[in-house]
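The structure under discussion appears below in the form of structure tokens.
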Amino acid sequence: MSLTPLIFLGLFALGIVAAFFVHPKYGLYTYFLAFFMSPDKTWWEDLVPDIRYLMIAGSVTLIALLVQSTKSSGLKWTEIGGFKIFIAFVVLLFPMYFWAVDPEEHWEGCILYAKHLLITYAIYRIAIDREMLKTISLVMIVGCTWFGWQAFGKSGDRLEGVAGAISDANTLGMHMVTGVLIGAMMLLGFRGRYKWGAFLCIPLILNTVILSGSRGAFLGLVSGGIAAAVFCPRRFRGQFGFLSMLALVLFLMLAHDQFLDRLASIFLVTEGQEAMDHSAASRFDIAAAGWEMAKDYPLGAGHKGTRALSPGYMDARLLSHGRRAAHNSVMAALVSYGFIGCGLYLMLYLWSAKQLFRVKSIAEFDRDTDLGIFAAMFAAVLASVFASGMFSNYVFAEVQFWMIGMIAATMNLPEVRERSSVSRQTYDERSGRRRAHRPGPRYGS
């Protein structure tokens with residue numbers, strides 16, 4: 001038997017035991033281990049039991065939290081607006097099963113989002129201080145580095161399937177961009193193992209972004225970089241600009257001609273027409289067909305509804321093996337989950353932006369470097385996923401929901417709660433309002 005599956009099974013079992021008898025955080029680490037190694041979607045999948053490793057790790061983490069933890073301090077998760085929106089989204093999916101175009105596929109979607117909600121809650125409960133927020137961020141970029149190692153030396157179509165659960169090159173490129181952005185902010189603002197860990201991981205991760213050949217990932221990288229610049233603490237803006245220039249030089253050194261040609265096809269205009277290949281141009285037709293589907297199914301067609309309905313709404317030239325998936329996250333949410341579901345999905349991003357601007361304000365007022373870096377990091381990741389999702393369907397990409405948990409955990413840090421309370425009280429005093437007599441404001445709402 002190969003060594004890789006043996007190591008995975010040993011670490012998985014050890015993590016499950018440690019979650020119960022040591023600390024629930026080991027259950028979370030085990031979840032990330034299963035996500036990044038993807039034992040059910042690798043060349044050694046036949047050498048390990050065929051079980052739901054992610055669901056098992058997530059459930060064990062939740063049970064360990066319930067068994068070992070006393071009442072969590074600070075905000076209750078039910079007071080946090082992001083969780084309210086996410087719960088409403090997940091609850092909406094279950095009755096949709098009865099009118100979904102493909103009920104079996106939709107049920108899998110219900111389970112998927114329920115798992116996302118579970119792990120988002122686990123991140124919120126486990127990341128109780130700054131060190132845990134930093135450690136979880138480091139685990140994420142180490143996982144991306146594993147993907148980078150799997151992809152090293154490959155290119156083009158050979159990247160399809162190398163990252164296990166992240167099956168296609170575009171999704172791999174998007175996810176690796178999040179690793180680059182997390183690593184860049186850690187390199188900029190943190191010290192010790194966090195800085196040097198990021199320094200060692202970034203080149204391999206960035207190389208994989210280039211190998212993916214994904215234009216959406218590149219635009220996600222640019223968008224994430226802009227968001228990071230907006231949220232970056234003032235004292236680091238000079239360094240941020242310098243490192244951005246170095247990153248651009250490294251990117252151009254690593255980029256191959258095929259990838260640069262694909263990027264050029266976004267911007268170049270020749271003979272009065274945009275020089276886009278069929279893959280890029282077809283996205284407009286797919287989006288137009290998606291709008292027609294949404295109008296016919298305003299309550300949602302069910303998980304992966306675009307793919308199920310595509311034969312009746314798209315020309316044969318757009319189909320692949322008789323079907324076509326959505327190539328835009330917003331349109332995918334609109335068709336699959338209806339106008340209400342799409343609205344809830346977008347509300348998660350709006351809630352995240354509101355909280356991140358609040359953290360940025362507190363960080364600037366207190367000159368708190370860590371908080372500023374956290375805000376820039378999470379904003380960069382969410383901006384990159386959303387921008388990349390304009391060219392592919394990432395509505396169920398898990399990394400965006402991890403960020404929801406990280407943002408909620410940041411809002412629950414004692415110093416953030418305290419500063420938010422003082423700011424709200426000052427505002428009320430200046431406006432001449434009398435506060436209601438209650439334990440405290442709901443600052444995560």
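Sorting check: for 350-363, 113-126, 41-54, which peptide has the highest mean count of neighbouring beta carbons within 10 Å, and how do the rest follow?
Values: 350-363: 19.8, 113-126: 22.0, 41-54: 14.4.
Going from most to least packed, we get 113-126, 350-363, 41-54.
Would you grab the residues whose amide H sits under 5 Å from the one on Y97? Only those 5+ places off in sequence or on another chain, please, with H modelled 1.01 Å from N.
Under 5 Å from the amide H of Y97: no residue qualifies.
Among residues other than F199 whose Cβ falls under 15 Å from its Cβ, what is the net charge (Lys/Arg +1, Asp/Glu -1)?
Taking every other residue near F199 into account, the sum is +4.
Note down the net charge around W77, summing +1 for each Lys or Arg and -1 for each Asp or Glu among other residues with Cβ under 10 Å from its Cβ.
+2
Run the numbers for A316 and A114: contour at 0.36 nm per residue of separation, minus the present Cα-Cα distance, in nm.
That works out to 69.2 nm of additional length.
According to the square roots a ≥ b ≥ c of the eigenvalues of the Cα gyration tensor, what is the shape class of the range 302-386, taking rounded for a/c under 1.5, prolate for a/b larger than b/c otherwise, and oblate for the remainder?
Here the range 302-386 falls in the prolate category.
For a test of the definition: using alpha carbon positions, the gyration tensor, and the 1.5 limit on a/c, classify the range 65-146 as rounded, prolate or oblate.
Oblate shape, in that a/c is at least 1.5 and b/c is the bigger or equal ratio.
Hey, can you find the accessible area per residue of the range 1-87 for me, probe 1.4 Å, expressed in square angstrom?
52
With a Förster radius of 45 Å, plug the Cβ-Cβ distance of I226 and L9 into 1/(1 + (r/R0)^6) and report the FRET value to the nearest 0.05. Please list the in-between numbers first.
Details: r = 43 Å, r/R0 = 0.94.
The pair I226/L9 has a calculated efficiency of 0.60.
I want to check the label-to-label distance for R323 and L47. Put each point 7 Å from Cα in the C-beta direction and report it in nm to one decimal.
According to this spin-label approximation, the distance is 3.0 nm.
Quick one: which of 76-82, 98-104 comes out on top by average Cβ neighbours within 10 Å, and what's the full order, highest first?
76-82, 98-104
At 1.4 Å probe size, with every protein chain present, just tell me what the per residue accessible area of the range 291-341 comes to in Å².
Ligands and nucleic acids excluded, the figure is 46 Å² per residue.
Which of the peptides 185-193, 320-328, 143-151 is most tightly packed, and how do the rest follow, judged by the mean count of other Cβ atoms within 10 Å per residue?
Put in order of decreasing packing, that is 143-151, 185-193, 320-328.
Treat each spin label as a single point 7 Å out from the Cα along the C-beta direction, and report the L350 to R234 distance in nm.
It is 3.1 nm.
Would you mind classifying the range 165-244 by shape? Square roots of the alpha carbon gyration tensor eigenvalues, ordered a ≥ b ≥ c; an a/c under 1.5 is rounded, otherwise it is prolate if a/b is larger than b/c and oblate if not.
Judged from the Cα gyration tensor, the range 165-244 comes out oblate (a/c at least 1.5, b/c at or above a/b).
Considering only Cα-Cα distances, which of the following residue pairs are longer than 31 Å: K154/K360; K76/K134; K25/K84; K84/K154?
Cα-Cα > 31 Å for K154/K360; K84/K154; rest within.
The values are calculated or read from the model by the stated rules, or taken from the named source; none is laboratory data. This one's a predicted model, so the numbers in the text were calculated from it and none came from an experiment. Virtual Cβ from ideal backbone geometry, glycine too; neighbours counted across all protein chains shown. Only protein heavy atoms, including side chains, enter the accessible area calculation; ligands, DNA and RNA are left aside. Shrake-Rupley method; radii C 1.70, N 1.55, O 1.52, S 1.80 Å.
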